[in-house]
Amino acid sequence: MQHDPAVKREKAFFNQRAETWMEIWRRNPRAVARGFYAREFRRLFRLAALRPSDVILDVGCGSGVLAPYILRRLGPRGRLHELDYAERMIEVNRRLHADPRIRFHVADVHELEL
């Protein structure tokens with residue numbers, strides 16, 4: 001999978017945008033004005049009711065858009081595993097979310113052995 005040219009292009013795309021990703025995904029002014037993201041995040045966390053001691057795997061986490069929302073729901077024993085194949089995304093995520101409950105992983109989910 002790592003040698004697939006399409007995967008390499010996708011990974012490069014995300015690595016190039018890692019520093020500004022948090023702003024890029026929020027740029028839709030109509031969605032922001034209508035509270036789309038807040039509404040969708042509330043819906044997501046109603047469907048995935050997290051308990052304080054849960055261990056969460058955030059696949060394709062990027063720079064950690066969901067990390068603050070997940071961390072609010074985890075207690076001191078809960079863990080969040082942030083997984084992305086773009087190493088720059090993980091670097092930015094690690095810088096933005098310095099929390100001892102988070103473990104960061106650079107890997108392709110298709111190659112991850114759990």
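In Å², and per residue, what accessible area does the chain have when probed at 1.4 Å with the other protein chains present?
For the chain, the solvent-accessible area averages 67 Å² per residue.
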Where does each of 63, 53 land when they are ordered by accessible area, with a 1.4 Å probe and the largest first?
53, 63
If R0 is 30 Å, what FRET efficiency do you get for residue 20 and residue 99 from their C-beta distance, rounded to 0.05?
0.85
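What is the extension gain from residue 40 to residue 73, computed as 0.36 nm multiplied by their sequence separation minus the C-alpha to C-alpha distance, in nm to one decimal?
Values: separation 33, 0.36 × 33 = 11.88 nm, distance 1.62 nm.
Contour length minus Cα-Cα distance gives 10.3 nm.
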Amide H contacts of residue 102 (H built 1.01 Å from N, under 5 Å, at least 5 apart or other chain)
80
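Per the 1.4 Å probe, what fraction of the accessible area of the chain, in percent, lies on carbon and sulfur atoms?
Values: 4200 of 7650 Å².
Reported share for carbon and sulfur atoms: 55 percent.
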Would you calculate a helix-derived [θ] at 222 nm for the chain, using -39,500 (n - 2.57) for each DSSP H run of n ≥ 4 and dividing by the full residue count, to the nearest 500?
-12500 deg cm²/dmol
Using a Gaussian network for the chain with springs between C-alpha atoms less than 10 Å apart, which of these wobbles most: 42, 79, 103?
42
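Rank these residues by their accessible area, most exposed first, probe 1.4 Å: 22, 89. Please list the in-between numbers first.
Working: 22 30, 89 0 Å².
Final ranking, largest accessible area leading: 22, 89.
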Do you know the relative contact order of the range 22-114, to the nearest whole percent, from alpha carbon pairs under 8 angstrom that are 6+ apart?
25
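The values are calculated or read from the model by the stated rules, or taken from the named source; none is laboratory data. Here the structure is a predicted model, which means the values were calculated and not measured. Cβ coordinates were reconstructed from backbone atoms using ideal geometry, including for glycine residues, and neighbour counts include every protein chain displayed. The area values use the complete protein model at the heavy-atom level, side chains included, leaving out ligands, DNA and RNA. Shrake-Rupley method; radii C 1.70, N 1.55, O 1.52, S 1.80 Å.
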